[in-house]
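Each remark here refers to the structure printed beneath this line.
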Amino acid sequence: RIVAGLRKEVEADFYTAVTREPEVYRGHPFQVEAGLACARPGAAEDVAADEPARLLRFANRVPLLYAAGACAITRAAAGVNWKAYGLAQPKGALPMGPLVILVHFASVWVPFTSESKDAVAHYDEIVREIAFALQECGRRLAVFLHRRRREADAERKRSHIEKYLPHLAGGLRAILDLGDRDEETLRRRLADLLERSRGEP
């Protein structure tokens, strides 16, 4: 459900969601769900790489639109060490990047900070559970970002090698005294060798 909601909200390359086991604060049971979506920089108009992540807060499926600074959800999200998962993060703030973070707090008794019901109160048990859920999302995101960086590095190396393939084939032609047809065959073989090396783990 969380991932489906994120897919409707933003076009991204990576989605994940975590549902924590129910816990209790002051005798009241509650449960935390969290999700995260990450887009490529510049790929989505509604998420920017040089701005803080968007934080979507929900309590019993109702969006919390105001008083974000007073909410336990915001406090927990800003308190996570997102740098450990490969993201930039100003001190005491949300991470930077093309991210959307969603947190849903469900309880038979939501401890709102006021009658306007715009923010969840800062109970330690609640902040801790939200942080745990977001940390698990962060760990999954770190795996994805590492793989994406590795693929990008491999593509850059491939492009660099492809740029010099004709020069390499031409040099070998001169050394080996090859004809035009042999040089073209050599160039194709070098390209095939490059493709096979890309497929190796």
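The values are calculated or read from the model by the stated rules, or taken from the named source; none is laboratory data. Just so you know, these numbers come straight off a predicted model, no measurement behind them. All Cβ positions, glycine included, derive from the backbone under ideal geometry; neighbour counts span all protein chains shown. With ligands, DNA and RNA removed, areas are computed over all heavy atoms of the protein, side chains included. Shrake-Rupley method; radii C 1.70, N 1.55, O 1.52, S 1.80 Å.
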Exercise for the section: Report the calculated FRET efficiency for Ala88 and Arg156 (r = Cβ-Cβ distance, R0 = 25 Å), to the nearest 0.05. Expected result: 0.70
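Could you order Trp82, Trp109 by accessible surface area, starting with the largest, using a probe radius of 1.4 Å?
If we order Trp82, Trp109 from most to least accessible, we get Trp109, Trp82.
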Exercise for the section: Calculate how large, on average over all directions, the projected area of the Cα convex hull of the chain is; give the answer in nm² to one decimal. Expected result: 14.9 nm²
Exercise for the section: Using a 1.4 Å probe over the heavy atoms of the protein chains, calculate the carbon and sulfur portion of the accessible area of the chain as a whole percent. Expected result: 52 percent
Handout entry: From phi via Karplus (6.51, -1.76, 1.60), per-residue ³J(HN,Hα) for the stretch 132-149 in Hz, x at Gly/Pro
Key = 4, 5, 5, 5, 5, 4, x, 4, 5, 5, 4, 4, 5, 5, 4, 5, 5, 5
Practice task
With a probe of 1.4 Å, find how much accessible area the chain has per residue, and write the answer as a whole number in Å².
Solution key: 60 Å²
Problem - the chain: relative contact order in percent, alpha carbon pairs under 8 Å with at least 6 residues between - result: 22 percent
Problem - Residues whose placed amide H lies under 5 Å from that of Gly97, excluding near-sequence neighbours - result: Glu51, Ala53
Handout entry: Net lengthening on full extension, Ala4/Thr185 (0.36 nm per residue, minus Cα-Cα)
Key = 60.1 nm
Practice task
Output ³J(HN,Hα) for the stretch 106-121: one whole-Hz value per residue in order, computed from phi by the Karplus curve 6.51 cos²θ - 1.76 cosθ + 1.60 with θ = phi - 60°, and x for Gly and Pro.
Solution key: 10, 6, 6, 9, 7, x, 5, 7, 7, 5, 6, 6, 9, 8, 8, 5
Practice task
Set Lys and Arg Cβ to +1 and Asp and Glu Cβ to -1, take the dipole of the chain about its Cα centre, and tell me which of Asn60, Ser116, Ala77 lies farthest positive.
Solution key: Ala77
Handout entry: Theoretical ellipticity at 222 nm over the chain - DSSP helices of four or more residues, -39500 (n - 2.57) apiece, nearest 500
Key = -15500 deg cm²/dmol
